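The values are calculated or read from the model by the stated rules, or taken from the named source; none is laboratory data. Being a predicted model, the structure only gives us computed values, none of them experimental. Virtual Cβ from ideal backbone geometry, glycine too; neighbours counted across all protein chains shown.
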Amino acid sequence: MATVDPPPIAGLVHAIDKIALWSGRIVSFLIIPMVLSLVWEVIARYFFNAPTVWAYDVTFMTYGTFFMLGSAYTLQRAGHIRTDSFYAGWSPRTQGMVDTLCYVLFFFPAIVIFLDVTWDFFWVSFQRGERSVTSPWLPPIWPLKAVLPATCVLLLLQGCAELIRSVVAWRTGVWIGRRNLLRRADRLEEKPSV
């Protein structure tokens, strides 16, 4: 499958991609405190019979943050689940048309509604200094709730890049390549063949 970089629109797409790629890279380090808290809990509980009050909360908060903030990275890497029964056999123009329609009709309305709801959810929690009442540790819960609107913003940004990619594919029959920070910066990847 061929790729194209029609300036300047590809530059905009790649700039947005960098945000998702870097946010994914930064968020990936949350796996370290999550694993460390799990290991600490297992050792404390089963070897010293002294379970902690905080390890469960740290684990679910870091994993929730990891999962949510990593979704824009996953979208950039085309890693979300897709039903490929027909899609894989379509031309890039047809794929671009279907992707464009799906982003406009389903993706953006859902994310905008989710952003509106989660912003209020976070803001009320922040103003009240809300804490988790399900834990004896009573950790503040508003930072976890702040992850929800932040995720929506990242998804909206990356969704714009994906929409531009789809429109270009629909109009030209060629996909704009994807950058990958784990490989050479000047190398583009084609849309994954499914």
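Look at Q158 and say whether it is within 23 Å of L21 (Cα to Cα) and of a type outside the set (A, V, I, L, M).
Values: within 23 Å of L21 (Cα to Cα): yes; of a type outside the set (A, V, I, L, M): yes.
Yes: the conditions hold for Q158.
Taking into account only those residues within the stretch 24-54 that are touching a Phe, Trp or Tyr at 6+ places or on another chain (Cβ under 6 Å) and free of Cβ contacts under 8 Å to residues at least 40 places away in the same chain, which is nearest to R179 (Cα to Cα)?
Among them, the one singled out is L30.
Residue by residue, here is whether (1) surrounded by fewer than 12 Cβ atoms within 10 Å (Cβ to Cβ); (2) outside any loop (DSSP other than H, G, I, E, B) holds:
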position: V39; (1), (2): yes, yes
position: N49; (1), (2): yes, no
position: V58; (1), (2): no, yes
position: Y63; (1), (2): no, yes
position: F66; (1), (2): no, yes
position: T83; (1), (2): yes, no
position: T94; (1), (2): no, yes
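Can you find, within the stretch 68-80, the residue that is farthest from N180 (Cα to Cα) among those that are in a helix (DSSP H, G or I) and not hydroxyl-bearing (S, T, Y)? Before the answer, list the steps.
So in the stretch 68-80, the residues in a helix (DSSP H, G or I) come out as 68-69, 71-76.
Of the ones still in play, those that are also not hydroxyl-bearing (S, T, Y) are 68-69, 72, 75-76.
Numbers: M68: 20, L69: 18, A72: 14, L75: 13, Q76: 9 Å.
Going through the qualifying residues, I end up with M68.
Exactly one of these conditions fails for R178: (1) surrounded by fewer than 14 Cβ atoms within 10 Å (Cβ to Cβ); (2) in contact with a Leu (Cβ under 7 Å, 6 or more places away or on another chain). Give me its number.
(1)
Only one of (1) within 25 Å of I16 (Cβ to Cβ); (2) modelled with pLDDT of 95 or more; (3) surrounded by 12 or more Cβ atoms within 10 Å (Cβ to Cβ); (4) hydrophobic (A, V, I, L, M, F, W, C) fails for I113. Which number is that?
With respect to (1) within 25 Å of I16 (Cβ to Cβ); (2) modelled with pLDDT of 95 or more; (3) surrounded by 12 or more Cβ atoms within 10 Å (Cβ to Cβ); (4) hydrophobic (A, V, I, L, M, F, W, C), I113 is out only on (3).
Would you confirm whether or not the stretch 1-12 contains a residue that is within 29 Å of E162 (Cα to Cα), touching a strand residue (DSSP E or B) at 6+ places or on another chain (Cβ under 6 Å) and surrounded by 14 or more Cβ atoms within 10 Å (Cβ to Cβ)?
Filtering the stretch 1-12 for residues within 29 Å of E162 (Cα to Cα) gives 1-12.
Next, from what is left, pick out any that are touching a strand residue (DSSP E or B) at 6+ places or on another chain (Cβ under 6 Å): 3, 10.
Cutting the leftovers down to surrounded by 14 or more Cβ atoms within 10 Å (Cβ to Cβ) gives us 3, 10.
Yes: the stretch 1-12 contains one or more residues that are within 29 Å of E162 (Cα to Cα), touching a strand residue (DSSP E or B) at 6+ places or on another chain (Cβ under 6 Å) and surrounded by 14 or more Cβ atoms within 10 Å (Cβ to Cβ).
Could you list, in sequence order, the residues of the stretch 138-155 that are of a type outside the set (K, R), assigned to a helix (DSSP H, G or I) and over 16 Å from D99 (Cβ atoms)? Steps first, please.
Filtering the stretch 138-155 down to residues of a type outside the set (K, R) leaves 138-144, 146-155.
Restricting the remaining residues to those that are assigned to a helix (DSSP H, G or I) gives 142-144, 146-155.
Correct list: W142, P143, L144, A146, V147, L148, P149, A150, T151, C152, V153, L154.
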